[in-house]
Amino acid sequence: MHKIQQVFDQGYLGYLEQYGMNYESNKVAEAIMSCKTPAMGGNQTICQDCGKTHFHYNSCRNRHCPCCQSLKKEKWIDAQKADVIDAPYFHAVFTVPEELNPLIYANKRALYNLLYSASSETLMDLARDKKFLGADIGFISVLHTWGSNLSFHPHIHAIVLGGGLTDAGRFVTSGKKFLFPIKVVSKLFRGKFLDGLKKLSLKKTLAFPGELSLLQFPREFNQFLTKLYAKEWIPYLKEPFKSADQVIEYLGRYTHRIAISNSRILEVGDKSVTFRVKDYKTGTKKTLTLGHEEFIRRFLMHVLPKGFVKIRHYGLLSNRTKGKKLKLIRILIKGRIVKPVLKDLTGVEILNRIYGIDVNCCRHCGSSNIRRQSLASVKKIE
């Protein structure tokens, strides 16, 4: 049993008593508690040489489960190799003022989508501006909704190609330390997000529960917008990556990450859990201890709406255009093509290739003379 699974096993009933049940969050909780246990079914292998029996239980495959992301991440990153070219790439992060967090949490689907659209339009509009690049660019955007302490902190990570195609069919690069001036990015992103927020309000599509109830009135909502316009929004733009290989490695850090990994958890007690957190003000690492119910509450805040697309491709990297345009760019810059190697492999083959784990061999004596049989799922008896 992994650490996060242990916390849910010990504290989820207490969480339900304290906070009640939400359908989508409950599905995630049940998946985590069942992952790689008899509840999921699986198979057992019996070594014909040494007689040892090994059990292999199925994964839940839920995208919020800390045990089910490794293979997905490796296959996805491998597939992206074909789309990465030998050109500058930048890392951009779009955040919003914390005053918006309660409203975003109450309207996850609509305002997560607004985060994507405002940030992507900002990048594409500035790239097309002849003062900066005068070309169409491509990028991959990923939503994260957490801070190091599991607080609600929605933001967009974008891995941006620092060059693009002009209308004349030339490939141009920024040739600068930073892709665009930070203040220009800040003002444009702020304007696009708040304009989109105002339109959603006028369409009466936003919910204003609890302490947000006053925002349903136009006067209060407009005052809220005025305060947000007056604040300085602070996006983050990092220097270009050194190589295409570094881009691929960097993508892996962000695409399939969940709110917290098992590796950050230091101790799971009978009633509390202690884990590492980062103090962003000082850059130092500290520890934080939470009760099981509070840990679970914070973890489940980051469950995405059903069917929500978390990894999105834009511009030259969008599925509609990347085939022809990336091929043209490689011709123009004489760039290399990196072919995926995991595409046609099974999960068992990927485990062996990447991690050196061969489930077709006995873990005790190494013999491949094994007999496998399926195991039916077994529901827990409360």
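What the table shows:
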quantity	calculated
Per DSSP, loop chymotrypsin sites (Phe, Trp or Tyr not before Pro) in region 307-377 with at most 15 further Cβ within 10 Å	Phe308
Rounded accessible area per residue of region 176-239, 1.4 Å, Å²	67
Reported label for calculated mean projected area of the Cα convex hull in nm² given (1) 23.0; (2) 19.0; (3) 21.6	(1)
Neighbour-limited loop hits for GluC sites (Glu not before Pro), region 209-314 (at most 14 other Cβ within 10 Å; DSSP other than H, G, I, E, B)	Glu232
Order by protection proxy (mean Cβ within 10 Å, highest first), peptides 56-66, 80-90	80-90, 56-66
Euclidean distance of C-alpha centroids, region 21-64 and region 259-280, integer Å	23
Mean residue ellipticity (222 nm) of the chain, computed from DSSP H runs ≥ 4 via -39,500 (n - 2.57), nearest 500	-11000 deg cm²/dmol
3J(HN,Hα) from dihedral phi, region 275-289, Karplus parametrisation 6.51/-1.76/1.60, rounded to Hz, x for glycine, proline	9, 7, 9, 10, 8, 5, 6, 9, x, 9, 9, 10, 10, 9, 10
Lysines with Cα under 27 Å of Lys130, excluding same-chain neighbours fewer than 8 positions away	Lys176, Lys177, Lys183, Lys187, Lys192, Lys238, Lys242, Lys322, Lys324, Lys325, Lys327, Lys334
Distance from region 198-230 to region 124-148 (C-alpha centre basis), Å	27
Partnerless Cys - the chain, beta-carbon criterion under 4.7 Å	Cys67, Cys361
Vicinal HN-Hα couplings computed from phi for region 114-128 (Karplus, 6.51 cos²θ - 1.76 cosθ + 1.60; Hz; Gly/Pro x)	5, 4, 5, 5, 5, 5, 5, 5, 4, 5, 5, 5, 5, 5, 6
Dipole magnitude of region 277-382 about its Cα centre (Cβ charges: Lys, Arg +1; Asp, Glu -1), debye to nearest 20	840
DSSP-loop trypsin sites (Lys or Arg not before Pro) across region 98-153, with at most 16 other Cβ within 10 angstrom	Lys130, Lys131
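The values are calculated or read from the model by the stated rules, or taken from the named source; none is laboratory data. As the structure is a computational prediction, the values presented were derived from the model and not from experiment. Glycine also receives a Cβ, built like all others from the backbone with ideal geometry; neighbour counts cover every protein chain displayed. For the accessible areas, the whole protein counts, side chains as well, though only heavy atoms, and no ligand, DNA or RNA atoms are used. Shrake-Rupley method; radii C 1.70, N 1.55, O 1.52, S 1.80 Å.
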